[in-house]
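Note sheet for the following structure.
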Amino acid sequence: MNEMSGVGSHTPDGGKASRAAKRLLPSPLGPGRILRAMDRLEHTTALDGVIDLIRDKIRAAPLGSLRDVLHGRPLGHPAHPLLVQVPLGSWLSAAVLDLLPGQRRAACVLIGVGLGTAGPAAVAGWVDWAELQQRHRRVGFVHAAANITAVALYAASLTARVRGRARLGRTLGFAGLSTVGIGGAIGGHLAYRQASGANHAEAVQDLVKPGWHGIGTVVDFPVGRAVRRSIDDVPVAVVRESGEQVHVLADMCSHLGGPLSSGEVTDGCVRCPWHGSVFRLSDGWNVRGPATAAQPSFETRIIGGRVEARLRGQEPDGSEGEAAPRD
């Protein structure tokens, strides 16, 4: 019994597979080769010239108000992840039909739907990509390259199917699905590990305790210029518009965390110095993208020449619950 157990647990193939998985995937020993490769990609400068050229072209494109739509500002979150569901779902469904008899025509239709809807998803992705930090753009460029390759494979697959070469069409289709899967994994790294599409100001409501907080005297804040202060260790941008009218917004831009206190103040708004998102001082509304989420804003009052601020929407003193626990 022990001999049989020993043979089963120490087979050469099983040992090789286990060692290979440990080298590739994260483990208690370290991040593994895949994550190390992604981390190296973030700092690889070889393609920066091409990346910068494409970024400049996208930023210069005369998109007007369509640019904010492509960013997803009307949705309150990026549009690209939503738009990619259609081509991905169509191609995955086509792969399932390719495994079933008599579904050749339906598979062709689904591949065509995927190809037709990949364009808008790609445009939204490129517009978002152009407003990221350089390390994000490096990863996003490879993500886009994988997806472009997948589109080419699916286009070739559809062509082969139309010409009656069904076996070749299925082979190219499965190759396209594998490639778009790799692109999706890279996109997941970009979205979640690098937080490229996340609301970077979302945690403010959990970090600031309820109630009024002193942030300085009125004379500490020059008219028309943002000043950085802290409330419960959370950076805020304070702007005195005129007289005793003072506005307070979370300082970390919801788009990618840029410092609003270093931004330009004009027409009752502050412009993020990193990527140009514009927020209304009175309530934090994102007047213009690429930010898709409003900025946390604070009510203010002046008592005895001192400015106090309270996070907008919290309960008044004496009835609020306890602040959320901090890590």
Can you tell me the equivalent ellipsoid semi-axes for region 40-127? Use √(5λ) from the Cα gyration tensor, largest first, whole Å.
32, 18, 12
First compute the accessible area of region 97-167 with a 1.4 Å probe, then give the percent of it belonging to carbon and sulfur atoms.
63
Both in Å, the radius of gyration and Dmax of the C-alpha trace of region 206-267 are 11.7, 32
Would you mind estimating how fast region 166-311 diffuses translationally, via Stokes-Einstein at 20 °C and 1.002 mPa s with the Kirkwood radius over Cα pairs, in µm²/s?
127
As a test of the formula, what do you get for the chain when each DSSP H run with n ≥ 4 contributes -39,500 (n - 2.57) and the sum is divided by the residue count, at 222 nm and rounded to the nearest 500 deg cm²/dmol?
-15000 deg cm²/dmol
Roughly what angle does helix 85-98 make with the longest principal axis of the chain, taking Cα atoms, 0 to 90 degrees, to the nearest 10?
20
dims of region 179-245, Cα set, principal axes, largest to smallest, nearest Å -> 60, 27, 14
Would you kindly work out the equivalent ellipsoid of the chain from its C-alpha gyration tensor and give its semi-axes, the square roots of five times the eigenvalues, largest first in whole Å?
48, 27, 18
Which residue, Ser277, Ser242, Ser27, tops the fluctuation ranking in a GNM of the chain built on C-alpha contacts under 10 Å?
Ser27
Give the longest segment of the chain that steers clear of GluC sites (Glu not before Pro) in DSSP loops with at most 14 neighbouring Cβ atoms within 10 Å, not counting the sites themselves.
1-201
Degrees between helix 134-162 axis and first principal axis of the chain (Cα, 0 to 90, nearest 10):
40
What nm distance separates the two modelled labels at Leu41 and Val109, each placed 7 Å from Cα along Cα→Cβ?
3.5
The answer for region 212-255, accessible area per residue at 1.4 Å probe in Å², is 42
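The values are calculated or read from the model by the stated rules, or taken from the named source; none is laboratory data. The shown structure was predicted, so the numbers you read here are calculated from the model rather than taken from an experiment. Quick reminder, even Gly has a Cβ in these numbers, built from the backbone with ideal geometry, and neighbours come from all protein chains shown. For the accessible areas, the whole protein counts, side chains as well, though only heavy atoms, and no ligand, DNA or RNA atoms are used. Shrake-Rupley method; radii C 1.70, N 1.55, O 1.52, S 1.80 Å.
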